[in-house]
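Quick notes on the structure that follows.
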Amino acid sequence: MAEEEEEIGTEEENDEPVDKATDEIKIPSLAQNYITLVGITITVASVAGIVLLFLLELTAEKESPYLGILIYILLPGAMIFGFFVILLGIVIERRRRRKMSPEEIAAYPILDLNGPRRRRAFFAFLVGAFFFIMVSGFGSYRAYEFSESTTFCGETCHVMHPENTAYLASAHARVTCVECHVGGGADFYLKSKFEGVRQLFALMAGTYQEPIPTPVHNLRPAQDICEKCHWPEKFWGEQLKVFTHYGYDEKNTLNQSRLLIKTGGGSPTAGQTAGIHWHMNVANQVSYVATDDKRQDIAWVRFTESDGRIVDYTARDTTLTPEQIKAAPKRKMDCVDCHNRPAHVYLSPNSAVDRSFSANKLDRSLPFLKLKSVEVLSKPYKSTEEALATIAKDIHTYYKTNYGEIYDSKTESINAAVVELRRIYSTYFFPEMKTDWQSHTDNIGHYNAKGCYRCHDGRHVSPEGKTIQTSCNICHTTLDQTFGGRTIVPPDGNFQHPIDLGGQEKYKCADCHKGNRAFQHPINLGDISKFQCVECHKKK
């Protein structure tokens, strides 16, 4: 009873705020209501979060795009929402007070802690709020970390399985997805997230493309991404590169070419600029017009020298008119125009098998293993499960049927070959998403694809009659070549084809060399085994 009287007395003491100087009732502020207090809390928490994350960004070892979006977009958005709640509370409170007399308006919401039950409830609320804030903060940070991970980018969506698998097998497997596909700054992060929302709707509706196309048109400039680790202006001179291939003959014959690759550089202060990275010389600028989405067919090239001189080259066989070329969007060449598969490399059957031979994961003593391996990897399959089962069956059947003694004596090598070929297929071939080396062309080199020959093909001519160079010596010097145990040392450093083609400059490597079979003539000759190359390719 005494407790109730005490509580009643407390309420009476707080009913009417009085200004002792004027002895008049003082109307409290419109902001003194529960809704406005919630808005103030949201605003203060947002400001505190912005300050905390900004300090975290300043002290972080590397730039994070997610911190930028939190600091400059999401938390400011929450702060604006808090302001809206504050104004909403004021408007509601104003309307409520129109129906009240000044004596009925309390200065502040009444919080009476004299009652033991209310006191316990209040302290329980404080403890719960503290733990809620701690758990929310920890959970938010863990969610932020997870959203940066390759697991989030590559494994949460099944259609990204090919890209994630190839990425894990690449040289950039320790670089997170967001470092290349998003980079720093809130603007590109916001663009990527809008694109992600579009892709999510496509996934839910089942309208996504197979294969998932390479985002060549919305990647950030290489200067913003690649050049944080790589320095194209640095002059590297020439680097030794050994190209190793194995023949499709019974002995899986080793063929090698040792070349000095003229990597070059692009800084005039370091001396003469030359070599492949000349294209990235900041003093020069190369622009082009492509007629296809994958930028494989180049119709027009413009070279702007450091002194401002401009030379335009137009493909002889282009169907574009001068007016169409003038109106077409011009692409400024950067790193990814050549290094277009830096982290998602899909090897051809030929290249993948060559690598396994070099790593001694395939036994060269097994007859025709290169030929049979490329054959089973190149077959069309409806699913990965079907491919893995067929690979094992075909390899065992081939050696058991044709080489019974070898099958019995080298069972372990044959089993190892099956394991390795199944690994190759699982890493670089994805029939469910129609993804492999043919759907995602690699522009480095020119062995199985156009690559360098997109421009350096002898068909791009300037108005003065000058053509873009095609000589092998522009980019590399051949030291020696080994074919079938025979070593060749080209006197002029130009690559020499093992068969005299009667002017090899007329041909492009990818015209004949296919990544999924030993050889395919660019002209359909019917049964190619009836012919010998030298019957047509006479010496000059």
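Would you check if Val345 is assigned to a helix (DSSP H, G or I) and crowded, with 16+ Cβ neighbours inside 10 Å? Talk me through it step by step, then tell me what you get.
Working: assigned to a helix (DSSP H, G or I): no; crowded, with 16+ Cβ neighbours inside 10 Å: yes.
No: the conditions fail for Val345.
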Next on the checklist: Here is a check on your reading of the model: is Ala389 surrounded by fewer than 16 Cβ atoms within 10 Å (Cβ to Cβ), out of contact with any strand residue (DSSP E or B) (no Cβ under 7 Å at 6 or more places or on another chain) and at pLDDT 95 or above?
Outcome noted: yes
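Please go through the range 193-223 and pick out each residue that is free of Cβ contacts under 8 Å to residues at least 60 places away in the same chain, part of a helix (DSSP H, G or I) and in contact with a helix residue (DSSP H, G or I) (Cβ under 8 Å, 6 or more places away or on another chain).
Step one: list which residues in the range 193-223 are free of Cβ contacts under 8 Å to residues at least 60 places away in the same chain, which gives 194-209, 215, 218, 220.
From what is left, the residues that are part of a helix (DSSP H, G or I) are 194-205.
Of everything in the range 193-223, just one residue is free of Cβ contacts under 8 Å to residues at least 60 places away in the same chain, part of a helix (DSSP H, G or I) and in contact with a helix residue (DSSP H, G or I) (Cβ under 8 Å, 6 or more places away or on another chain), namely Leu203.
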Item to check | Tabulated pairs, the range 302-321, first on the phi > 0 side of the Ramachandran plot and at pLDDT below 90, second outside any loop (DSSP other than H, G, I, E, B) and crowded, with 17+ Cβ neighbours inside 10 Å, C-beta under 7 angstrom, 6+ apart or interchain | outcome: none
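Could you check the range 399-415 and list, in sequence order, the residues that are basic (Lys, Arg) and either touching a residue at least 60 places away in the same chain (Cβ under 8 Å) or farther than 11 Å from Asp363 by Cβ (or both)?
Within the range 399-415, the first condition is being basic (Lys, Arg), and the residues that meet it are 400, 410.
Within the range 399-415, Lys400 is the sole residue that qualifies.
In the range 365-382, which residues are among the basic types (Lys, Arg) and farther than 19 Å from Leu347 by Cβ? Give the derivation first.
So in the range 365-382, the residues among the basic types (Lys, Arg) come out as 370, 372, 379, 382.
Across the range 365-382, the qualifying residue is only Lys382.
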Checklist outcome for this item: Exactly one of Phe54, Phe138, Phe81, Phe132 is modelled with pLDDT under 75, outside the structural domain of Val182 (by TED's automatic domain parsing), under 35 Å from the mean Cα position of the chain (by Cα) and more than 22 Å from Gly184 (Cα to Cα), and that one is Phe138
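Within the range 195-213, restricting attention to residues that are among the hydrophobic types (A, V, I, L, M, F, W, C) and at pLDDT below 75, which residue is nearest to Gly154 (Cα to Cα)? Explain how you work it out, then say what you get.
Here is the first cut: in the range 195-213, the residues among the hydrophobic types (A, V, I, L, M, F, W, C) are 197, 200-205, 212.
With the extra rule that they be at pLDDT below 75, the set shrinks to 197, 200.
Numbers: Val197: 16, Leu200: 14 Å.
Once the filter is applied, the top-ranked residue is Leu200.
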Checklist outcome for this item: By residue number, the members of the range 319-338 that are in contact with a helix residue (DSSP H, G or I) (Cβ under 8 Å, 6 or more places away or on another chain) and either part of a loop (DSSP other than H, G, I, E, B) or polar (S, T, N, Q) (or both) are Met333, Asp334, Cys338
Next on the checklist: So for the range 164-171 (the condition being loosely packed, with under 12 Cβ neighbours inside 10 Å, within 16 Å of the chain's Cα centre (by Cα) and at pLDDT 70 or above), does at least one residue qualify?
Outcome noted: yes
Checklist outcome for this item: Matching residues in the range 465-499 (surrounded by 13 or more Cβ atoms within 10 Å (Cβ to Cβ) and not in a loop (DSSP other than H, G, I, E, B)) number 12
Checklist outcome for this item: Per the filter on the range 224-247, residues out of contact with any Ser or Thr (no Cβ under 6 Å at 6 or more places or on another chain), closer than 18 Å to Asn284 by Cβ and free of Cβ contacts under 8 Å to residues at least 60 places away in the same chain are Trp231, Lys234, Phe235
Checklist entry - Which is within 25 Å of Ala290 (Cβ to Cβ) and free of Cβ contacts under 8 Å to residues at least 24 places away in the same chain, of His460, His446, His440, His456? => result His456
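Each row is one residue, and each column tells you yes or no for (1) out of contact with any helix residue (DSSP H, G or I) (no Cβ under 7 Å at 6 or more places or on another chain); (2) part of a loop (DSSP other than H, G, I, E, B); (3) within 16 Å of Ser439 (Cα to Cα).
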{"site": "Asn340", "(1), (2), (3)": "yes, yes, yes"}
{"site": "Arg355", "(1), (2), (3)": "yes, no, no"}
{"site": "Lys370", "(1), (2), (3)": "no, no, no"}
{"site": "Ile391", "(1), (2), (3)": "no, no, no"}
{"site": "His396", "(1), (2), (3)": "no, no, no"}
Checklist entry - Checking Ser373 against (1) closer than 30 Å to Leu254 by Cβ; (2) not assigned by TED's automatic domain parsing to the domain that holds Thr411, which test does it fail? => result (2)
Checklist entry - Out of (1) at pLDDT 80 or above; (2) surrounded by 16 or more Cβ atoms within 10 Å (Cβ to Cβ); (3) more than 26 Å from Val301 (Cα to Cα), what's the single condition that is false for Asp457? => result (3)
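The values are calculated or read from the model by the stated rules, or taken from the named source; none is laboratory data. The structure displayed is predicted, hence computed values, not measured ones. All Cβ positions, glycine included, derive from the backbone under ideal geometry; neighbour counts span all protein chains shown.
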